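Just so it is clear, none of the values below were taken in a lab; they were calculated from the coordinates. What you see is a predicted model, and the numbers here were worked out from it, not measured in a lab. Here the Cβ is made from the backbone with ideal geometry for all residues, glycine too, and neighbour counts use every protein chain on show.
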Number of protein chains: 2
Amino acid sequence: MTGHSIPKATLGRLPQYLEYLRSLPVERRTISATAIAGALSMGDVQVRKDLAAVSGAGKPKVGYQTEKLIEDIEGHLGCDKLTNAVLVGAGKLGRALLDYDGFKDFGVRIIAGFDCNETVLKKGAKEILPIKDLGSYCRQHDVRLGIITVGGGSAQEVCDRLAECGIEAIWNFAPVRLRVPGGILLKQENLALSLAYLNNQISK
Amino acid sequence: MTGHSIPKATLGRLPQYLEYLRSLPVERRTISATAIAGALSMGDVQVRKDLAAVSGAGKPKVGYQTEKLIEDIEGHLGCDKLTNAVLVGAGKLGRALLDYDGFKDFGVRIIAGFDCNETVLKKGAKEILPIKDLGSYCRQHDVRLGIITVGGGSAQEVCDRLAECGIEAIWNFAPVRLRVPGGILLKQENLALSLAYLNNQISK
DNA sequence: GAAATAATGTTAAAATATTAACAAAGTGAC
DNA sequence: GTCACTTTGTTAATATTTTAACATTATTTC
């Protein structure tokens, strides 16, 4: 168990399980793969296999210990270690993400936003700072993740600057394909993409 | 060609190709699978296979006709048919999506937002209307897609109301698993989920 | 305590998806 | 016109993922 090679497909489903498990009432000490499968409308065998890849054994007739399962999934997703992140581009989307507090459940804390537009700068809990302070801030606060929510035009520039700051991964919302130096992880988020998929299914 | 069974994996990559192709300058009349693969850092054979599934033939030594390729992908993604959508929950994220105009490129037009909070109501290009008008509005405007950006607490309620309005698909940003009546398509969006994945990779 | 049940875990099979290998077809240079 | 080159499309091999089948194990009931 926890051998080493968790299938990529499994990894992609883990957050789903995690989310569901967390939504359960605390009284629910145990849960069966069948129940999870039912709630998430997936095959029960698949759930069992996924869980087997990341967690210990369940008990026949009983299921898995809910709490242990959550812990194990969190462990594999790295939710236990808190990663500091900064966000660049305090437009509407940027501010929405900045204020969204659901990320901390997944081990990421956005500790500050940056923008070049003076008018959006803000002090307080979630600061929005001038972009020129990006480098020094990142180095001071052990920032490992950068989130890009600027327009497509300046995304590459922001990306480069983040790379210079020693960021390890970039989560890009700008609809532009970024060039990142080797060693830096890039995740492209394209909300329109989800829509396209939905729209396709509807029309069908 | 356009036989009928496009692999699911291919379908998932189509929006990526589309995005890239659209980013090309118009002078670029033809493009090779190799070039696409290079830009997107994927295997060239895969690109060729994907393209073969949705479009006609390319010419050796030349590549594919950019414009035709775009059209074909759009066709398969249903981007050609414009679908009307409404958004419920005009918080920061909701307003960000409402104002984001990238969706229309993927065949979806958010024509109005709804909220129960009187203070955010707004007239103009992208109206924000009181939630009580949801039903009549949807029926009048042939709305087929509903986007939920309310908090987790009221998401199910909103979902039920949308279902009553004859919506065909729901795109849910609330971190809650919704129960939808059969026949309605549900796509769960969980931004935190992407983060979890990233964070996992970093920690590794 | 034996039988019934609900769950697990494993092994094998089937389906999908990716990668590699190679032959064929345009294009351009000489 | 032939040769070299690039790029396609196809066929086969490999890897991965999903599904099915089945034997096993704890719990509950009688």
What list of ³J(HN,Hα) couplings, whole Hz, do you get for the range A:141-151 from phi and the Karplus terms 6.51, -1.76, 1.60, once you set θ to phi - 60° and write x for glycine and proline? 10, 6, 7, 10, 10, x, 10, 10, 10, 8, x
Remind me, relative contact order of chain B in percent, using alpha carbon pairs under 8 angstrom and six or more residues apart? 14
Report, in cubic angstrom per residue, the convex hull volume of the C-alpha atoms of the range B:69-150. 89
Helix B:8-23 sits at what angle to the longest principal axis of chain B, using alpha carbons and giving 0 to 90 degrees rounded to 10? 80
Using a 7 Å Cα-to-Cβ projection, B:Gly75 label spacings across copies, nm, ascending: 5.3
Over 10 Å intervals from 0, what percent of Cα-Cα pairs in the protein assembly as shown sits in each interval? 4, 20, 28, 29, 16, 2, 0
Could you name the aspartates and glutamates whose alpha carbon sits less than 15 Å from that of A:Lys8, not counting residues in the same chain fewer than 8 places away? A:Asp50
Shielding of B:186-192 by partner chains, average beta-carbon count, 10 Å: 6
For the range A:83-194, give me the percentage of DSSP beta bridges that are antiparallel, rounded to the nearest 5 percent. 5
Distances from A:Ala9 to the same position in the other copies: list them in nm, one decimal, shortest first, using label points 7 Å from Cα along Cα→Cβ. 0.9
Percent of alpha-carbon pairs separated by more than 18 Å within the range B:8-76: 24
If only Cα atoms are counted, what is the Rg of the range B:46-204, and what is its Dmax, in Å? 18.9, 61
Axis-proximal residue, chain B, for the rotation superposing B on A (Cβ, Å): B:Ala96, 2
Rounding to the nearest 10 and keeping the result within 0 to 90°, find how far the Cα-based axis of helix B:66-77 lies from the longest principal axis of chain B. 40
Taking a straight Cα-to-Cα line shorter than 23 Å from B:Lys61, and setting aside same-chain lysines fewer than 8 residues away, one finds B:Lys49
From the cross-link list A:Lys187/B:Lys81; A:Lys92/B:Lys126; B:Lys92/B:Lys126; A:Lys123/A:Lys187; A:Lys81/A:Lys123; B:Lys104/B:Lys187, which pairs have alpha carbons spaced over 23 Å apart? A:Lys187/B:Lys81; A:Lys123/A:Lys187; A:Lys81/A:Lys123
Which cross-chain or sequence-distant (5 or more) residues have an amide H under 5 Å from the amide H of B:Val108, H modelled 1.01 Å from N in plane? B:Thr83
For the range A:137-204 and the range B:4-66, what is the centre-to-centre distance using only Cα atoms, to the nearest Å? 22
Any idea what the relative contact order of the range B:94-155 is, in percent, if you count C-alpha pairs under 8 Å spaced at least 6 apart? 24
In nm, to one decimal, how far is the B:Tyr20 label point from the A:Arg109 one, both placed 7 Å along Cα→Cβ? 3.8
Between 0 and 90°, nearest 10: helix A:44-54 axis offset from chain A longest Cα axis: 60
With +1 on the Cβ of every Lys and Arg and -1 on the Cβ of every Asp and Glu, the dipole magnitude of chain B about its Cα centre, in debye rounded to the nearest 20, is 440
Compute the distribution of all C-alpha to C-alpha distances in the range A:114-204, in bins of 5 Å from 0, and list the percent of pairs in each, rounded to whole numbers. 3, 13, 20, 21, 17, 11, 7, 4, 3, 1, 0
Once both labels are modelled 7 Å past Cα along the beta-carbon direction, what's the A:Asn84-A:Glu67 spacing in nm? 3.2
